[in-house]
Structures are given as C-alpha cells and as structure tokens.
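Report on one structure; see the data block that follows.
Nothing in this text is a laboratory measurement; each read-out follows from the coordinates by a stated rule. Nothing here was measured: the structure is a model prediction, and the numbers come from that model. When we count neighbours, we look across all protein chains shown, and the Cβ atoms used for this are built from the backbone with ideal geometry, even at glycine.
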Amino acid sequence: FRMHQSLGTANAPELWIPMNIGLDTMSADAHMFATLGRMRDGVSLEQGTAQLESIGQRYGVEVYGRDNFRLYPVPVHNDLVKDVRPALLMLMGGVGLLLLIVAANMATLFLGRATARERDVAVRTALGAGRSSIVTLMLAEALLIATMGGLLGLALSAWTLDTFVSLIPIGIPRGEDIAVGAPVAVFTVVITLLVGVAAGVLPALRLSRPELSQVLKSGGTRGGASQRARTAQRLLVVGQVTISVVLLAGAGLLGRSLLALFS
C-alpha cells in the first residue's frame, strides 16, 4: 500500500487492520482514498480506457447528475514519478559528463606516468619481462586506484545521503525512497571497473611495446624521462585540460536546463 501524494506523506505503519466500510452508505464526495487497479490480462490500454470512460459517464449521471464526468487510467509509474523524468535524465547526463571528466583525467595521468616510466619498462623488457606481465601491472594499478575511488565515493554517498534527501525540493516524488542499496552498489562496482580498465588499457598497450634501443639511448640519468617523454607529457596535459573544459561546459548547460525544468 502506498498513500497517494495528494493525501500527504505516509508514515510507516505500526499495525495493519482491515477496514470495514459500507460503500452503499458512503457519500460520493468522500474523496479520501486513492485507487490502484491492475489491468486484466489480455486487455489493452485502449480497451481499459473505453471501459472506464463508460463507467465514468454512468457514475456521473447517477451520482452527480451530469454527463461530463470522466474516468481514465494513469500508469502507476507515471503517477509516482509524474513529470520529473526529463529532469532526472538531464541530471544523469550531467553526472555522466562529470564521470567522463574523471575517466579522461585518469587516462591522461596514466599516459603521462607511462611516458615517464618508459625507460624503466624498457629495462624490464630487456631483462626478459613479457608483454602480458607489463600489461597486467599497468591494469592492476589502474583498477586499484579506480576501486579505491569507487569505494570512497560509495561511502561518502551513504554518509551524506540524509543531508541530500533533506534538500530535495517539494514536489519531487518518492524522495523518501532514495537509498544506497544493492543496485547502487552493483552500478558503482561496474562503473569503477569500466573506468579503471578504460584508464589503464591505453598506457598498458603503449608500454607493452617499448622501442628498447631508442628509449635506453634517449633516457636521462637515474631513469629520468627523456625529452620525447616530457614533450608527450605536455601534450597530454593540454589534451586533459581541453577535454575537461568541453565536458564541464556540457555539464554546465545540462545544469542550467535542469534548473529551468524545476522552475
């Protein structure tokens, strides 16, 4: 049972008892109940709408004495979420763009780190390290960092959930039902793994085939990055800033559209 939003917010029941109501003696103006029905199997929405309209016309004539009374079905999902679907989709889009910023930053940082480690990987390869071991090492580092970030985000979400729920504007349906449960945890794990793999696969593939002679000859002392590596790092920083600005602009536009929808 869920109380209709127009009747107020339902409190958790402490005791359930059956209601004994005399429908034959109840006033037709006693609008205190919300009705939830299930379409019979095999009945289409058009058929159900036609039947309800017929019942509504007969009810209006018999009870209210007018023939313009109408009954029509509304899907329960639409009744619960109403018109906030566009706003929620925009909010999800903005969050997705922010997630892309994080993924792009991770990828560029790992590429820069991989460029600085070219000499170290070249030495490992010269000593017999296989390509698979290098790829596994880079992916493991990326997945470890992404997993730590995902767990931290999940913990912060659970910790600050009550505060954010209390800030939900009036009129947003089912705000009290927002929770960090199993679906959120599964979604976080999947996104974390995808971001970790996406951020680590390109550096791993790049480092798995080092040009041994060139890297070992051009490397500075004590394994320092070569001039080519420093140039690549500068280009990666430029690309990182460019991608972040574009994605932030998109997220900002979505945020303005979201505020327009709410107002």
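Ranked from highest to lowest mean number of other Cβ atoms within 10 Å per residue, what is the order of the peptides 100-113, 148-161?
Top of the packing list down: 100-113, 148-161.
Computed packing ranks the peptides 87-98, 53-64, 177-188 as 87-98, 53-64, 177-188, most packed first, by mean other Cβ atoms within 10 Å.
For the pair residue 159 and residue 50 in one chain, pulling the backbone fully straight at 0.36 nm per residue adds 34.3 nm over the alpha carbon distance.
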